[in-house]
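Here the structure is laid out as structure tokens; the discussion comes afterwards.
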Amino acid sequence: PRCYYRADAQGPTQPLPAMIAGVTDLRGRTMGVHRTWLAPDGSDKAAIATPRRAMGHLLEHAVRFGGTDDVMAAGEGIETILSVRTVLPNLPMAAALSAAHLAAIAFPPRLRRLYIVRDTDPAGDRARDSLIARANAAGMEAIVLSPALGDFNEDLHAFGLDALRADLRCQLAPEDVSRFMMLSP
């Protein structure tokens, strides 16, 4: 509820609510921290110059949700990944925090299928293409999950949970639907 924000090194600090996430490596060691300052009512990001900031060693690492075995999803933002996770709660996921970091994310050793949760913009296209090439070179299957709008968080807000579920169900490998998808509300 009170994470200090400072616009610049000389500015005053102000306490604001924030979402704070640990950035970890494949072994679970904390490598950095990501902060997203929120509006006081929690409805959106805070109305400040830079509502998102990260510190630490981020390259190759991610904010992780669930333990990875042979299948995982990776995307740029925490909100996007959490939106996808609302209908795929059993699928391990990683938020790399930017398109450049997504393109460089480290692969778990036993990974055989990577779902790429893409954002529909030029940076997202580059990250998608890089991950497909890296996954294929490592002998992994890469499946791209594409939103209707800019990202899956926008889709969830615009179309709702049932539409997001239907859209993602069509994009998953058939065997992963029953394994990872929440089929009822």
Whichever residue in the stretch 1-35 is assigned to a strand (DSSP E or B) and basic (K, R) and, among such residues, is farthest from A95 (Cα to Cα):
R6
Does A39 satisfy being surrounded by fewer than 17 Cβ atoms within 10 Å (Cβ to Cβ), within 23 Å of I132 (Cα to Cα) and of a type in the set (A, V, I, L, M)?
no
Which residue pairs have Cβ atoms closer than 6 Å, lie 6 or more positions apart in sequence or on different chains, and pair a first residue in the stretch 88-101 that is open to solvent by 40 Å² or more (accessible area, probe 1.4 Å) with a second residue that is in a loop (DSSP other than H, G, I, E, B)?
P89/M182; H101/L58
Of all residues being open to solvent by 10 Å² or more (accessible area, probe 1.4 Å) and of a type in the set (S, T, Y) in the stretch 102-135, which is farthest from A148 (Cα to Cα)? Just the residue, please.
S130
Inside the stretch 137-171, can you point out the residues that are part of a helix (DSSP H, G or I), touching a helix residue (DSSP H, G or I) at 6+ places or on another chain (Cβ under 9 Å) and open to solvent by 60 Å² or more (accessible area, probe 1.4 Å)?
E154, H157, F159, R169
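The values are calculated or read from the model by the stated rules, or taken from the named source; none is laboratory data. Everything numeric here is computed off the predicted structure, so don't read it as measured data. Heads up, the Cβs are rebuilt from the backbone with ideal geometry, glycines too, and the neighbour counts pull from every protein chain shown. Side chains are part of the model used for accessible areas, which takes the heavy atoms of the whole protein and leaves out ligands, DNA and RNA. Shrake-Rupley method; radii C 1.70, N 1.55, O 1.52, S 1.80 Å.
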